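Novice: Take this structure, written in structure tokens, and hold onto it; I'll ask about it next.
The values are calculated or read from the model by the stated rules, or taken from the named source; none is laboratory data. A quick note: this is a predicted structure, and the numbers were derived from the prediction, not measured. Cβ placement follows ideal geometry from the backbone for every residue including glycine, while neighbour counts extend to all protein chains displayed. The protein model used for the area step is the full one, side chains on, heavy atoms only, and it has no ligands, DNA or RNA in it. Shrake-Rupley method; radii C 1.70, N 1.55, O 1.52, S 1.80 Å.
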Amino acid sequence: ALGYNGLNIVPMPPDFDQMTPALVTIDFSVDGLPFRDLADMGKNSLAASIQAPVMAQMMGLQALMTLPQIMSKAGTTLTLRDISVENKTYSSHIAGQLKADMNAVNSVTGTAKMEITGLEALIGSSSEKMKDPKLTKEQKSRIQDTLSLLTVLQIAGQQGTGKNGQPARIYNFEIGKDGKMLVNGTDLSTLMPKKESPSPAKADDTGKKTK
């Protein structure tokens, strides 16, 4: 397990203070990792690239393409025991398992569960930040992007109780063989906010571009 406790950034960016995690935990394990096959693949790629340096990139690409097949055959699994970030405003915890699967579109299938507490408080504090007259245009834009993502999380999450007993938003993720990632049964790609493309400049009667 990896992690840290007590992160402090000085000076703290005004558009980032409520998001900065004070505590991070990364606890995971990998089972069924085919060390011998991976080592053999690495040695073969290295030997080929030494004999023909111009082929180094191609050999590296070939190795990456065969990696899912090797890991799928070995039944490699990644278990997320606890991936957590939190501060005094919010906390987020993820646990789940991913398995290499050569027959899947993304070469992996799996499920995971995420719990977020304090989401409404985080949205509230971010909204208050938008009223600060000292913020630059760029800072307001970043806060607005954050608010958009937080709103998506609020809408997509199911109301429930977190591991600490507090009210939480619950997200059940599933990555299927078809490559789709579902969140509580909904395709994640349909939930993500889309930025509008800037309107192209129009030309006036003189041929000059106008905004």
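Novice: Restricting to the range 92-108, and then to whatever is among the polar types (S, T, N, Q) and over 16 Å from the mean Cα position of the chain (by Cα), can you tell me which residue is nearest to Phe28 (Cα to Cα)? Show your work before the answer.
Specialist: Initially, the range 92-108 is screened for residues among the polar types (S, T, N, Q), giving 92, 97, 103, 106-107.
Filter once more, so that each one left must be over 16 Å from the mean Cα position of the chain (by Cα): 103, 107.
Numbers: Asn103: 24, Ser107: 20 Å.
This residue is Ser107.
Novice: Limited to the range 135-161, what total is found for residues that are more than 16 Å from Gly124 (Cα to Cα) and touching a residue at least 60 places away in the same chain (Cβ under 8 Å)?
Specialist: Adding up the residues that qualify gives 2.
Novice: For a quick check of your reading of the model, give me the residue pairs whose first member lies in the range 75-89 and is open to solvent by less than 50 Å² (accessible area, probe 1.4 Å), whose second is assigned to a loop (DSSP other than H, G, I, E, B) and among the β-branched types (Val, Ile, Thr), with beta-carbon atoms closer than 7 Å and at least 6 apart or on different chains.
Specialist: These pairs meet every condition: Asn87/Thr20.
Novice: Report, by residue number, each residue of the range 135-178 that is out of contact with any Leu (no Cβ under 9 Å at 6 or more places or on another chain), assigned to a loop (DSSP other than H, G, I, E, B) and open to solvent by less than 30 Å² (accessible area, probe 1.4 Å).
Specialist: Leu135, Gly162, listed by residue number.
Novice: So which residues in the range 121-134 are in a helix (DSSP H, G or I) and open to solvent by less than 80 Å² (accessible area, probe 1.4 Å), if there are any at all? I'd like the intermediate steps shown before the answer.
Specialist: Here is the first cut: in the range 121-134, the ones in a helix (DSSP H, G or I) are 121-129.
If the condition is that a residue be in a helix (DSSP H, G or I) and open to solvent by less than 80 Å² (accessible area, probe 1.4 Å), then Ala121, Leu122, Ile123, Gly124, Ser125, Ser126, Ser127, Lys129 are the ones that fit.
Novice: Tell me, which strands (runs of 3 or more DSSP E) lie completely within the range 18-120 with 1 or more residues that are basic (Lys, Arg), at pLDDT 90 or above and closer than 22 Å to Gln154 by Cβ? Explain how you work it out, then say what you get.
Specialist: Values: elements: 23-31, 77-86, 91-100, 108-117.
By residue number, 108-117.
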